[in-house]
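As structure tokens, the structure follows; a few thoughts come after it.
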Amino acid sequence: GWISIATVSAQSGWSDFKFRTLLTYGQLNTPLEPGTAAFRKVFPNLENDINETSRKVIEVLYSSPSDPIPAAETMYYTVYPGGPLSGNASSNGVTNLTLNSEYVRKFYEEHNNDLNALREELVGVLSHELCHTFQAQPKGCGEYGSSPVFTSFIEGMADATRYLCGDHNWSKPAAGGHYLNGYSTTGFFLIYLQHTSD
């Protein structure tokens, strides 16, 4: 189905902050596929979940609504079998989110068809991907995929944001690793910096 999303509601200290209209088009290509069916059960009102998660992500990333928050005008959310677990391509106010319905199906089955566990996971994935829409990009250190510094920061910040939004159902990584390992390792390093520095 096609989903239209109204302006994100303003709450908790962001009462003067309003998004420009954020539209989501969820093209569910395989409505009878088990992963897509489970996704639809978890998100009966996808627009509310995207609005709420977007607000939480922005409040984690920014200090004030007057900060230079990237514009988010149009979002296409596609659930389909195949491809990476999830993805985000954002440019010029347009975000394309994708989700692998096979991953959804496997996670759901491995967790005994527990819709609450699946919802926790998928909201976490959503907060990670929405971070990519709203986060600032590092300057002077290359580009995504060609620079470990750039890539580690982008993915580490997304996992840190997922955790700080309360949507990270993973444990801290074991001791060791390197702050440029990306994802949770970099994410928890960034959280450590936040808790011990400014």
(Q) Can you say whether E109 is at pLDDT 95 or above and either surrounded by fewer than 20 Cβ atoms within 10 Å (Cβ to Cβ) or not in a loop (DSSP other than H, G, I, E, B) (or both), as far as the supplied structure shows? (A) yes
Q.
On the basis of being modelled with pLDDT of 90 or more, of a type in the set (A, V, I, L, M, F, W, C), open to solvent by 50 Å² or more (accessible area, probe 1.4 Å) and out of contact with any strand residue (DSSP E or B) (no Cβ under 7 Å at 6 or more places or on another chain), does L115 make the cut?
A. yes
Q) Among the residues of the range 38-79, which ones are in a helix (DSSP H, G or I) and open to solvent by less than 40 Å² (accessible area, probe 1.4 Å)? A) A38, F39, V42, L46, D49, I50, N51, T53, S54, R55, V57, I58
Q) For the range 92-105, does any single residue satisfy the condition of being within 21 Å of Y163 (Cα to Cα) and among the charged types (D, E, K, R)? A) no
Q. Taking C141 and the conditions (1) touching a helix residue (DSSP H, G or I) at 6+ places or on another chain (Cβ under 6 Å); (2) closer than 20 Å to K56 by Cα; (3) hydrophobic (A, V, I, L, M, F, W, C), which numbered condition does it fall short on, given that it satisfies the others?
A. (2)
Q: Could you tell me which of the residues Y144, Y103 is open to solvent by 50 Å² or more (accessible area, probe 1.4 Å) and either within 21 Å of I69 (Cβ to Cβ) or among the acidic types (D, E) (or both)?
A: Y144
Q | L97 modelled with pLDDT under 95, closer than 26 Å to F43 by Cβ and in contact with a helix residue (DSSP H, G or I) (Cβ under 8 Å, 6 or more places away or on another chain) | A | yes
Q. Is there any pair with a first residue in the range 40-54 that is touching a residue at least 24 places away in the same chain (Cβ under 8 Å) and a second that is among the acidic types (D, E) and open to solvent by 20 Å² or more (accessible area, probe 1.4 Å) whose Cβ atoms are under 8 Å apart and which are 6 or more apart or on different chains, and what are they?
A. F43/D49
Q) Within the range 170-189, is there a residue that is within 16 Å of the chain's Cα centre (by Cα), surrounded by fewer than 13 Cβ atoms within 10 Å (Cβ to Cβ), in a loop (DSSP other than H, G, I, E, B) and touching a residue at least 12 places away in the same chain (Cβ under 8 Å)? A) no
Q | So G82, is it exposed (fewer than 15 other Cβ atoms within 10 Å of the Cβ) and either under 18 Å from E121 (Cβ atoms) or touching a helix residue (DSSP H, G or I) at 6+ places or on another chain (Cβ under 8 Å) (or both) | A | yes
Q) Do we find that F153 is open to solvent by 60 Å² or more (accessible area, probe 1.4 Å) and either under 20 Å from the mean Cα position of the chain (by Cα) or farther than 24 Å from E121 by Cβ (or both) in this structure? A) yes
Q.
Taking the criterion of being open to solvent by less than 90 Å² (accessible area, probe 1.4 Å), within 24 Å of N51 (Cβ to Cβ), polar (S, T, N, Q) and not in a helix (DSSP H, G or I), would at least one residue in the range 159-167 satisfy it?
A. no
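The values are calculated or read from the model by the stated rules, or taken from the named source; none is laboratory data. Everything numeric in this text was worked out from a predicted model, so none of it was measured. Don't worry about glycine lacking a Cβ; one is built from the backbone with ideal geometry, like all the others, and counts go over all protein chains shown. Ligands, DNA and RNA are excluded from the accessible area calculation, which covers all protein heavy atoms including side chains. Shrake-Rupley method; radii C 1.70, N 1.55, O 1.52, S 1.80 Å.
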